[in-house]
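Following: one structure in C-alpha cells, then a few remarks.
The values are calculated or read from the model by the stated rules, or taken from the named source; none is laboratory data. Nothing here was measured: the structure is a model prediction, and the numbers come from that model. Cβ placement follows ideal geometry from the backbone for every residue including glycine, while neighbour counts extend to all protein chains displayed.
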C-alpha cells in the first residue's frame, strides 16, 4: 500500500500540562517529528498546556504552525502569539470546521472533554462521509485504552460496525502513528 503525503496534521490536546512526564515527552517527540517531516501543525491556537508545548516544539524545530481560535477565548485560553499563523473565528463550531478543513489527518493526544469531543466529531464525520481523513490517538501510557475498550464493546453489542471502529487508529509511538495515518489516508486504502 502506498502512503499519501501528510502535509498538515491537526492535533487535539489539553490546555493543561497533565501530570505524566511520558505525555510531555510524547508531545515533544510528535512536535519534532512534524517539523522534521515538513508537516504543518494545525491546532486550537492556545499557548498553555500541551497545546502550547506542541506549538512551541514545532516552531523551535523550524516547523510551521497554524492555530485556529475563537476570538472570545483569548482571555480564557491565552491565544499563542508567536505562531506562523493564528486565525481568529467567531465560534467553537467555526474553529473545528476550519481545523477539519485544513488538516490531512488528525491525532488526539491525552486531553479532556474538548479533546474527546473533537475526536468523536472527526470520527463521526468520517463515518457519515463529511470527511475522508485518517484519525488516530497517541496512546501514551495506555491513556486511551478505556475508550478503545468501550469502542470494542460497541462492536460486540452490534451498536458500532467494525468498519467504523477501524476508522480510529491507536499507537503509543508518534513516528509509527504518523506512518499508519499516511497509509490509511492513501486513496487505495479509502476505496474499500
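Structure values in brief
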| read-out | value |
| --- | --- |
| Identity of the residue in segment 126-151, assigned to a helix (DSSP H, G or I) and touching a helix residue (DSSP H, G or I) at 6+ places or on another chain (Cβ under 7 Å), that ends up surrounded by the most Cβ atoms within 10 Å (Cβ to Cβ) | 140 |
| Every residue from segment 27-51 that is surrounded by fewer than 21 Cβ atoms within 10 Å (Cβ to Cβ) and either at pLDDT 95 or above or outside any loop (DSSP other than H, G, I, E, B) (or both) | 28, 29, 32, 33, 35, 36, 37, 38, 49 |
| Selection count, segment 7-26, where residues are in contact with a strand residue (DSSP E or B) (Cβ under 7 Å, 6 or more places away or on another chain) and in a helix (DSSP H, G or I) | 1 |
| Tally, over segment 152-164, of residues that are outside any loop (DSSP other than H, G, I, E, B), without any contact (Cβ under 8 Å) to a residue 12 or more places away in the chain and over 20 Å from residue 105 (Cα atoms) | 5 |
| Which numbered condition residue 80 misses (of (1) under 26 Å from residue 171 (Cα atoms); (2) touching a helix residue (DSSP H, G or I) at 6+ places or on another chain (Cβ under 6 Å)) | (1) |
| Hey, residue 95 touching a strand residue (DSSP E or B) at 6+ places or on another chain (Cβ under 6 Å), surrounded by 17 or more Cβ atoms within 10 Å (Cβ to Cβ), modelled with pLDDT under 95 and outside any loop (DSSP other than H, G, I, E, B) or not | yes |
